[in-house]
1. Need the failing condition index for C:LEU104 against (1) away from chain A (no Cβ under 12 Å); (2) of a type outside the set (S, T, N, Q); (3) crowded, with 24+ Cβ neighbours inside 10 Å; (4) more than 20 Å from the chain's Cα centre (by Cα), just the number.
2. Within the stretch B:162-246, which strands (runs of 3 or more DSSP E) (wholly inside it) include 2 or more residues that are of a type in the set (Ser, Thr, Tyr)?
3. Filter the stretch A:142-167 for residues that are in contact with a helix residue (DSSP H, G or I) (Cβ under 7 Å, 6 or more places away or on another chain) and in a loop (DSSP other than H, G, I, E, B) and give the result.
4. Go through the stretch C:64-101 and give me each residue that's under 17 Å from the mean Cα position of the chain (by Cα) and on the phi > 0 side of the Ramachandran plot.
5. Please verify whether A:VAL85 is outside any loop (DSSP other than H, G, I, E, B), open to solvent by 50 Å² or more (accessible area, probe 1.4 Å) and β-branched (Val, Ile, Thr), treating the condition exactly as stated.
6. Inspect all residues belonging to the stretch A:234-245 and state whether any of them is within 14 Å of chain B (Cβ to nearest Cβ), out of contact with any helix residue (DSSP H, G or I) (no Cβ under 8 Å at 6 or more places or on another chain) and modelled with pLDDT of 90 or more.
7. When you look at A:ALA117, is it touching a residue at least 60 places away in the same chain (Cβ under 8 Å), open to solvent by 50 Å² or more (accessible area, probe 1.4 Å) and not in a loop (DSSP other than H, G, I, E, B), yes or no?
8. So which pairs qualify, if the first residue must be in the stretch C:148-165 and open to solvent by 10 Å² or more (accessible area, probe 1.4 Å), the second must be within 12 Å of ligand 1 (Cβ to nearest atom) and among the polar types (S, T, N, Q), the Cβ gap must be under 7 Å, and the two must be at least 6 apart or on different chains?
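The values are calculated or read from the model by the stated rules, or taken from the named source; none is laboratory data. Fair warning: this is a prediction, and the values are worked out from it, not measured in the lab. Here the Cβ positions follow ideal geometry from the backbone for every residue, glycine too, while neighbour counts run over all protein chains shown. All accessible areas refer to the heavy atoms of the entire protein, side chains included, with ligands and DNA or RNA removed. Shrake-Rupley method; radii C 1.70, N 1.55, O 1.52, S 1.80 Å.
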Amino acid sequence: MKRAHAAAAAFLAVLALVPAAADDFQLSVLALIFLFAYIGIAWNLMMGYAGQLSLGHALYIGVGAYTVAILAERYGVTPWLGMPVAFALCAALAALTGALGFRFAVRGVYFALLTIAFAEFTRIVFEHWEFVGKTGGFFLRALGPDNRPWSSLRGDATFFYYALLCTLALGWALSAALVSSRIGYEWRAIREDEDAARAIGVRAFRMKVLAASISGGLTGIAGGWFALLGGSLFPETVLGMRMSIDVIIAPIVGGLGSLSGPILGAFIVVPLNELSRDLAQHFNINGLNFLIYGALLMMIVLFAPHGLWPPIARLLRLHRWK
Amino acid sequence: MSKNRQTNRTRRRVLAAGGAGVALSALGFPTVLRAQGAAPKVGVILPLTGVLAFPGVATRKGTELGIKMLAEQGTRLEVIYADTESKAENGRVAAEKLIRDGCTILVGAWDSGATISAAQAAEAAKVPLVVNVGSAPQITEQGFTQVFRNFMRSDQIVSRGAGLFKNMLGGGFQPKTAVMLHVNDTFGQAVAGATKGAWQKAGIDIRILETISYDARARDLSVEVAKARATGADLVAPVTRVNDAILIVREMVKQDYNPMAIYGPSSPGPYEKAFTDALGKYANDYLVSVPWYDPNRALTKRVLDRWTKEFPNDRFELNSGFGWEGMLVVADAVKRAQSSKPADLHAALRRTRIEDHIMYGGPIEFDPKGQNPNIGVPMLQVQNQQPMVVAPADVAQAKPVLPMRRWSERS
Amino acid sequence: MSLLAVDSLTRRFAGLVAVKDVSFSVASGSITALIGPNGAGKTTCFNLIAGALAPSSGSIEFAGRSTVGLPPEQICARGVARTFQIVRPLAGLTVLENVMVAALVRERAVPAARVRAQAVLERLGLARKADAPAADLTLPERKLLEVAKALATRPRLLLLDEVMAGLRPTEAARITEVVRELRAEGLTVLLIEHVMRVVMAIADTVIVLHHGEKIAEAEPAAIAIDPRVVECYLGNLRKRRG
Ligand SMILES: Nc1ncnc2c1ncn2[C@@H]1O[C@H](COP(=O)(O)OP(=O)(O)OP(=O)(O)O)[C@@H](O)[C@H]1O
Ligand SMILES: [Mg+2]
């Protein structure tokens, strides 16, 4: 225990010191890495652990984002409160989505389709809903000179770096506790064979709803960060299909069914995206980045079909602890 | 728990740290571009790929021509571009990247979402952001101190357009009813929403019988046009992008729907080369009110001449025009500031007053919110497959053709 | 006193009655064998008792309470555990983890479940495979794992579906021994078995199904000489299996 804690503390200390050496852009990219790693972990609880494929996580990003933004902007509610509200709302929404699907035994691809349908439905509702600004979007005011980042949860790159690092650390710790508890075992049993799991007493329905709900709730908080980072929200960008796909690339590249996979994935995918954009700009060819990014992703999927974490874990002889 | 497990966990963490190192060194790539020159670095954020790439690239071409022409007049600007990939949330990272690469003034970001996202970073770093295109009212209403917008708010474009349109009524052109057709996106909703009020305010006595919206990705608008035709309205008021504008006119021709006029109350589409190329004679007589270049100014004529040489296959229009003027604003501030420090450039931008520029309207200056209040809106009509200014009289290149000719009478 | 009572149990599939009006009861602490030719409806009976399938009609009472309509996990929680004829290991988990999941029905804490699971693996001779992925097991080992998972749920009634089939004699003997011990500890066992030697050796009562119907119920010695059974089942079987 002691050694592990010391190592963890050392690692966190290194990350805590990074801002002293990095510029704002690098910090922003790292903050995005933390954010995508965090969402990847949340999504992976549902997919990699409980075996339920969601292709509609934009629903929780979007609802979380609008919740935090509208509460702050319209009602002056601090995001410190907005975030828990976003969590609760998204957890409830996810539980509802899950319960509907699982109740009627919608499994596999059909469940994935259902998650897309819910997200798209919500996007269309938001695009026609005056209260959230319709397609015109919703915007946060600019920060005043008296802004205190740790109270408004908005600030410069260094602030977001630390805030998202904390979010990732907390999300990781919570997920680690969950997956090593009874719940985690039951999730994995469901993932492997739901009927066999039920035969040995796993309450599959309840556990799947729980997985969806925790995953959705955690993703809702990530949505809140999207709002605070960008200051502008549009149904198409936060609730659209593209968002649903963007957030699952990191965990897929990193590898499903582990907590390290999504983190590794985010550390690869986000910089890869930036790097390919740099190359496109360097050679002055618009769209070259998509080509490079796509080709690299294809190579990863070809050579490491189960993601990059498992082979790395094997290399380091960590295979028992996938 | 076994000790083995602990050390493995630790290893996992160390590995993640290694990944961070690799990532950071990879991101160091652009430093090769960081060689310090005398000219201040200007970061231009645009949607160069994705759904907004078409107007984004048009804006970039205008920007490039601006850089070239201004350099010939003695103001050298070193420009770095960043692509938002048409994603609003990329504005912030793009801005931070440009600032990291040494840009002390930013220009962008064509789309309102990306502009606000970029403004967050500009605000945090106290680097001024000159908005070249971006019409959401919020850009100048959210309290940003670093934003200078040389473009018009969508609601103002609509109300100015309404004033012009009112003046065209009379004589043989007296429509009583209208039907609106609008693309259901951010921009379409905003414009359609503002139109009714603007017409009322301007005293236009035309009843809007119906407002029909359609998806931005629609491939067929026959149903929508049939619905519009069924209202029997005298005036069709479309708010479009370019493809849907083409679809609407094609359908109107097909269904032989001949209203007294088609008038876009602020909308891209009809002035684009793609529109006139695709529709030929059917493109003619379409009216639209948008910010536009002033065709009579000497500077505009020089820019147009040069444009034809540099980009013979493209039409100089609103996006390239404001792209060009964005550079004019920057160059002017740089010249007066005699510095490349963001604060000095900011102070210079505050005192901007440019009399000689290309877009229609008064001198370029910025009010306390950072908005240029002097931008004008002329009325354009497609004539001989070219967008022509037909009002107001002081800049008009041609007389308006009203009511529009029936489809069957075109030759 | 009977632990399990099945009355007029019927299950239809499209165009086929797999279990037809079957009634029987299993005495507490007994070992009961369910035999019959292939397709007789034995596994379907198990599926009905364990809640994997719903009966078309009829009643099932376990420990005096009806279990009809309960989902499998609740029936398991009440004390009925079953093995699958076609083994269903949780392939991505280790052997120990497989058994731990089952143990977690009773032991709410993970460490306690681990201890319990290790004990069960020990008892079945699978302990040395504890950390192997379940996917790596041989067929006999998978059969043992089925039994281990079922046992780890601490059942009162254990349903064993052809666990001896495909096992080597030493392994079969081990399971037979364990089943005897468990019965001595008070566990009730209902087992489906084709290996007659095993049935004769350990069953107190034998129930014979044929075409979904119960055709006989008696102690092993009597079953062996029941003319109907000999005719429609054992005869076939002797011919087929030599
Ligand atoms: N889910 C199902 N759907 C349709 N038919 C089924 C289903 N399950 C079983 N059957 C049919 O019901 C009959 C009884 O099958 P069951 O598996 O209960 O037989 P069994 O006695 O266990 O045979 P075996 O000794 O081969 O295991 C068979 O004809 C089988 O094809
Ligand atoms: Mg069977």
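1. (1)
2. Fully inside the stretch B:162-246 and qualifying: B:207-214.
3. Across the stretch A:142-167, the qualifying residues are A:ALA142, A:LEU143, A:LEU153, A:ARG154, A:GLY155, A:ASP156.
4. If the condition is that a residue be under 17 Å from the mean Cα position of the chain (by Cα) and on the phi > 0 side of the Ramachandran plot, then C:GLY79 is the only one that fits.
5. Yes, satisfied.
6. For the stretch A:234-245, residues within 14 Å of chain B (Cβ to nearest Cβ), out of contact with any helix residue (DSSP H, G or I) (no Cβ under 8 Å at 6 or more places or on another chain) and modelled with pLDDT of 90 or more: present.
7. Yes.
8. Pairs that qualify, where the first residue is open to solvent by 10 Å² or more (accessible area, probe 1.4 Å) and the partner is within 12 Å of ligand 1 (Cβ to nearest atom) and among the polar types (S, T, N, Q), are C:GLU162/C:GLN85.
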